[in-house]
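What follows is a set of notes on a single structure, which appears directly below.
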């Protein structure tokens, strides 16, 4: 009798690819958290995810793209800038989003990477800078929907909101007792109220 044929390997399906991507992203988040950006190795991420190193590169091509996707995935699941219908709703949105950031373990897991960037890692700053610029642009556009006076410094107002947010994050990274998540959220809410008042012409 002829030798039995080897079982044919099932072709990969879109669901298999999605499952692989999610497992790789989960493993990458843990590695970036534990070892920073510089210390996270693709080979280790692949091993943690249960896939081969070439498969990781097939999906993400470079470590930089993998890191961007890790951040983008969390970003997409965080309620940041949405179409609010009133200044009051936007203030509440910004305050609640700030609280969510500080309480979300996935963002806190990346604190080590942000610390590397703050230390002046030029490669890492190059990865983060486009995201920051995009956030400024998105926020400036959003503020424009509520600008009744044609405010000449709308971009500065957007930068002010981001500066308050990033400032709270830096404080908490270096001294967790400096400001609580709730205090950071209230500070963002207060700043957003001042910004909205300026755009509505309620103050100089």
If I model a spin label at residue 104 and residue 186 as a point 7 Å from the Cα along the Cα→Cβ vector, what separation in nanometres do I get? 2.4
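For the chain, what does the helix formula give at 222 nm: sum of -39500 (n - 2.57) over DSSP H segments with n ≥ 4, over the residue count, nearest 500 deg cm²/dmol? List each step's numbers first, then the result.
Working: 10 runs with 150 residues, N = 204.
The per-residue figure over the chain is -24000 deg cm²/dmol.
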Highest GNM mean-square fluctuation, the chain, Cα pairs closer than 10 Å: which of 34, 184, 89? 89
Compactness of the range 15-67, expressed as Rg and Dmax over alpha-carbon positions, Å: 9.8, 31
Which entry is the computed P(r) over Cα pairs in 10 Å bins from 0, in percent for this structure: [x] 8, 29, 28, 19, 9, 4, 2, 1, 0, 0; [y] 8, 31, 34, 16, 6, 3, 1, 0; [z] 8, 36, 39, 15, 2? [x]
With R₀ set to 45 angstrom, the calculated FRET efficiency between the beta-carbons of residue 145 and residue 57, to the nearest 0.05, is 0.60
Computed over the chain: longest principal axis from alpha-carbon atoms vs helix 87-103 long axis, angle to nearest 10 degrees, is 50
Which whole-angstrom value gives the distance between the alpha carbon centres of the range 27-52 and the range 137-152? 40
Ratio of alpha-carbon Rg to the 2.2 N^0.38 Å globular estimate for the range 127-204, to two decimals, please. 1.19
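No value in this document is a laboratory result; all are computed from the given coordinates. All of these numbers come straight from a predicted model, not from anything done at the bench. Cβ atoms come from the backbone with ideal geometry, glycine included; neighbour counts cover every protein chain shown.
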